[in-house]
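Below is one structure; the comments refer to it alone.
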Amino acid sequence: MNFLSELSRRNVIRVTGLYVVAGWVILQVITTVAPILGLPDWFATAALVLLLGGLPLVAIGAWAFEMTPEGLRREQSAAPGEQGRVSRLDIGIMVALVAVIGIGIWLNFARAPSSAPSSANTATATEDQTSIAVLAFQDLSEEGNQEYFADGISEEILNLLVRVDGLQVASRTSSFQYKNRPLGIDQIAQELGVGHVLEGSVRRSGDSVRITAQLIDARTDRHMWSENFDRDMTDIFAIQDEIADAIVAALAESLGLSPEDANVDVRAVTANLDAYDAYIQGREYFLRRVQIDEAITLLEYAVELDPDFAEAWEILALSHVIAPAWTDRTEETENALATQSANRALELNPESSLAYAALGGALENSPGNVAAGIEMFDRALELNPDNVVALDWRSTNIAAMGLFEQAQQGLEHCLDIDPGYVRCRSELIEIYFVLGEQQLALDALYRTLEQGYGILSNAAFDVLIENGRREEAMFVVGGQIGFDAPLGPIIDAFLDPENHNAEDAYALAQAHAAANPETFGPSGLYYVAARLGIEPLPELTFDVLSNINIWYPFFEEARQSDLFHDLAHEFGALGFWQEYGFPPQCHPVGEDDFECD
């Protein structure tokens, strides 16, 4: 008896084919909806095992039984004359089965992750398995006024994960730059070079809070773990401890971390919940460089409620340092308050890296204390080499003293630690331009402008003009001249001095300076005059001589002035240069003097 013919007569081929096709469809549906429904990994595997186990039962049933109008009856062997040939339909079904099996095998290999890293992610391929970014949690509170609290919770969790040995954690600045940006998890992970992302939300109402957190495998967009936490606000640190334990436990299992590595304890920074609430709100204002007056008020309230709140003293000191640049507070008063707050933080925590950074910031613009400020930054970096605030401020001061190559090293290290720290990148752009690294500068500049950040860079302006990027040049120099200034005539005079009157353009700049002294200071006016070749140049002031512009080629006359010579001596520049090296534009004269050209 022809076996294939008998299989055809008993409809085994057709029934089995229908079963395989139906099973294939079921598996496709399961693999598609499982991630959406949050089903465990084993669910699809179990379904496949059950379907495969049912295949021989279906084949045996088709062989042994037949469905007839009278119902299911036992199949009888065919008489010799009844044995037929395999039909074309059965042959087609067998071909289709082979094709389905082949496609299944191909898709399985296509879905399997490649063992070799892609060229776009080669640098981070070895870290993907143990790297994570903590995105800013969303504020889902009814009044929408708890964003600072949601950000604070996110940062506290991030700070806990940083302490897990063997786990690479993207910095706060890098992760939080994606807040309110409509990007997918896979794109964010690729840009940050991480393999996993933690996202979540906070819903706070009175003394109650719901925190939702979920861990995502960025390569597959699969939810590895998620949980809701409904708690009272009476002990926020117990909530953080519980969330951290759950997250770290999930990471330990998923990323292969040992229990010892995953052991993290939450330390209560204060026993006063009101002080903590004021602290995280003030800290958020400081980090975003907004409402600095309000940040100082909140942080002062926090330390009033809890005088032993070391972390609040740290951020209060840093807020005082930046206040003169962001408010109408005076530098002398704020430097004194910054020093006082930093010293109190050091009394509570002698190894506070941020407190030493604040001390350096308070010293940096004080006459004779440039070198002393650098020493404070160095101490801060000894305690925490990843302190990007200290790296940023130290490099800025090094650059202000004309040592651009040293500043470049510090700023590049800052960005290695925190690629999203825009301040370090914007200052590095200036350094690149000054050092002649035009392509590096332009690449970084365009990326910064695309992200919506502007920079103040006269050097960038010159190169952009040379490259025909007039609009970007207007945007960059606008920070110096003011965005509402008559940029067109002034820039036209820069570009084509033969056909545009420099005196008229300078008169426009003078009028704008008189009307907008805060946005367009003496340094900006001096820059325009030097760039236009106006003679004589404006009178030199402290603002002109203490600005990084002093090292540009068209500030040569200012560097050679007696006023700059005396001011540099007053600020201790000679001692600083003797210790750290002289800039290319200056050289020592004897043991106690210098000259610049």
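The values are calculated or read from the model by the stated rules, or taken from the named source; none is laboratory data. Values in this document were obtained by computation on a predicted structure and should not be read as measured data. Quick reminder, even Gly has a Cβ in these numbers, built from the backbone with ideal geometry, and neighbours come from all protein chains shown.
Worth a mention:
- Reported count of residues in the stretch 145-187, each being assigned to a loop (DSSP other than H, G, I, E, B) and either within 9 Å of A133 (Cα to Cα) or not basic (K, R) (or both), is 14.
- Only residues that are farther than 15 Å from D386 by Cα and touching a Phe, Trp or Tyr at 6+ places or on another chain (Cβ under 6 Å) were counted across the stretch 154-184, and they come to 1.
- Every listed requirement among (1) within 20 Å of N159 (Cβ to Cβ); (2) in contact (Cβ under 8 Å) with a residue 40 or more places away in the chain is met by M401 save one, (1).
- Any hit, the stretch 158-168, residues being modelled with pLDDT of 85 or more and surrounded by 22 or more Cβ atoms within 10 Å (Cβ to Cβ): no
- Residue match in the stretch 214-234 (condition: touching a strand residue (DSSP E or B) at 6+ places or on another chain (Cβ under 8 Å), assigned by TED's automatic domain parsing to the domain that holds S154, crowded, with 20+ Cβ neighbours inside 10 Å and more than 18 Å from L161 (Cβ to Cβ)): no
- Count of residues meeting criterion [under 23 Å from D245 (Cβ atoms) and modelled with pLDDT under 85] in the stretch 173-207: 1
- Restricting attention to the stretch 401-414, the residues being crowded, with 20+ Cβ neighbours inside 10 Å and assigned to a helix (DSSP H, G or I) number 6.
- Residues located in the stretch 173-203, provided they are in contact with a strand residue (DSSP E or B) (Cβ under 8 Å, 6 or more places away or on another chain), touching a residue at least 60 places away in the same chain (Cβ under 8 Å) and not polar (S, T, N, Q): L192, G193, V194, G195, H196, V197, L198, E199, G200, V202, R203
- Within the stretch 486-515, residues that are among the hydroxyl-bearing types (S, T, Y) have Cβ atoms under 9 Å from residues that are surrounded by 12 or more Cβ atoms within 10 Å (Cβ to Cβ) in these pairs: Y506/I490; Y506/A493; Y506/L525; Y506/V528; Y506/A529; Y506/L532; Y506/I534, counting only partners at least 6 apart in sequence or on another chain.
- Qualifying residue in the stretch 554-561 (condition: within 15 Å of E595 (Cα to Cα), of a type in the set (F, W, Y) and out of contact with any Cys (no Cβ under 9 Å at 6 or more places or on another chain)): yes
- In summary, H500 fulfils each of the numbered conditions (1) surrounded by 15 or more Cβ atoms within 10 Å (Cβ to Cβ); (2) at pLDDT 70 or above; (3) part of a helix (DSSP H, G or I) with the single exception of condition (3).
- Residue in the stretch 546-560 that is surrounded by fewer than 19 Cβ atoms within 10 Å (Cβ to Cβ) and more than 25 Å from L435 (Cβ to Cβ) present: no
- Residue, farthest from the chain's Cα centre (by Cα), within the stretch 188-239, restricted to residues that are outside any strand (DSSP E or B) and of a type in the set (D, E): D207
- Some residue of the stretch 354-377 being modelled with pLDDT of 90 or more, touching a helix residue (DSSP H, G or I) at 6+ places or on another chain (Cβ under 7 Å) and charged (D, E, K, R): no
- In the set (1) buried (at least 22 other Cβ atoms within 10 Å of the Cβ); (2) at pLDDT below 80, the condition left unmet by Y432 is number (2).
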